[in-house]
Structures are given as structure tokens and as C-alpha cells.
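The values are calculated or read from the model by the stated rules, or taken from the named source; none is laboratory data. Being a predicted model, the structure only gives us computed values, none of them experimental. So basically every Cβ, Gly included, is an ideal-geometry build from the backbone, and we count neighbours across all protein chains shown. Remember, those area values only see protein heavy atoms, side chains included, never the ligands or the DNA or RNA. Shrake-Rupley method; radii C 1.70, N 1.55, O 1.52, S 1.80 Å.
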Amino acid sequence: MTPEQRRLRAQLAANTRWSRPMAREDQADAARAAIHRRLESEVDPLRQLPPAERERRIRSAARALSAELNLAKARKHKRAHRM
């Protein structure tokens, strides 16, 4: 698939998602909750940590995830501008 085809497919998916009746805030809240559940499963799969420690680790994992995404974005930006 060419970069242009990927861009068009992503654009179609985004427009389709945002055209649904659920409000943007609700969709963002649902996405945040899903990420929180995923990170919770990663940091405490057996649910043995005290709640405060679990939340601290989830916040750290969320920051790490954000840093990974930012790094990937920077690398992509660098590749795009290298050509």
C-alpha cells in the first residue's frame, strides 16, 4: 500500500468515526478508559498491588507510552523531511 493510500484510508476511518452519534468527548473518554484498562493489566496483571501503587505505576506506564509515541512521531517526521 502506498503512503497516499494509507493516508486516504486513515482519513476515511477518522471521518467515519467522528460522524457517529457519540459525542467526541464521549469517544475520547472511552479511549482513555480503554488505555487505562490495558495499562492496568500490564502493570498489575494479578491485581495484587495496593490501589495507590497500581495507579502510580499506571501513570508511569502512560507517560512511557506517550514518550514512545512522541519518539515514533519524531522519527517519522525526520524520515519524511529527509527526502
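Determine whether region 56-67 contains at least one residue that is open to solvent by 50 Å² or more (accessible area, probe 1.4 Å), of a type in the set (Val, Ile, Thr) and either in contact (Cβ under 8 Å) with a residue 60 or more places away in the chain or assigned to a helix (DSSP H, G or I) (or both). Within region 56-67, none of the residues are open to solvent by 50 Å² or more (accessible area, probe 1.4 Å), of a type in the set (Val, Ile, Thr) and either in contact (Cβ under 8 Å) with a residue 60 or more places away in the chain or assigned to a helix (DSSP H, G or I) (or both). Selection of first residues in region 9-35 that are without any contact (Cβ under 8 Å) to a residue 40 or more places away in the chain and under 27 Å from Arg59 (Cα atoms) and of second residues that are exposed (fewer than 11 other Cβ atoms within 10 Å of the Cβ) and among the charged types (D, E, K, R), restricted to Cβ pairs under 8 Å at least 6 apart or on distinct chains, gives the following pairs, ordered by first then second residue: Gln27/Arg20. Arg20: at pLDDT below 95 and open to solvent by 100 Å² or more (accessible area, probe 1.4 Å), yes or no? Here the answer is yes, as Arg20 does meet what is asked. Just to be sure before I move on: is Leu49 in contact with a Lys or Arg (Cβ under 8 Å, 6 or more places away or on another chain) and of a type outside the set (Phe, Trp, Tyr) in the structure I sent? The answer is yes for Leu49.
Every residue, every condition in (1) open to solvent by 100 Å² or more (accessible area, probe 1.4 Å); (2) in contact with a Gly (Cβ under 6 Å, 6 or more places away or on another chain); (3) closer than 25 Å to Lys76 by Cα; (4) modelled with pLDDT of 95 or more, yes or no:
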position: Thr2; (1), (2), (3), (4): no, no, yes, no
position: Arg9; (1), (2), (3), (4): yes, no, yes, yes
position: Ala14; (1), (2), (3), (4): no, no, yes, no
position: Arg24; (1), (2), (3), (4): yes, no, no, no
position: Ala30; (1), (2), (3), (4): no, no, no, no
position: Ala34; (1), (2), (3), (4): no, no, no, yes
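Restricting region 42-55 to residues that are open to solvent by less than 60 Å² (accessible area, probe 1.4 Å) and in a helix (DSSP H, G or I), the residue that is nearest to Leu65 (Cα to Cα) is Val43.
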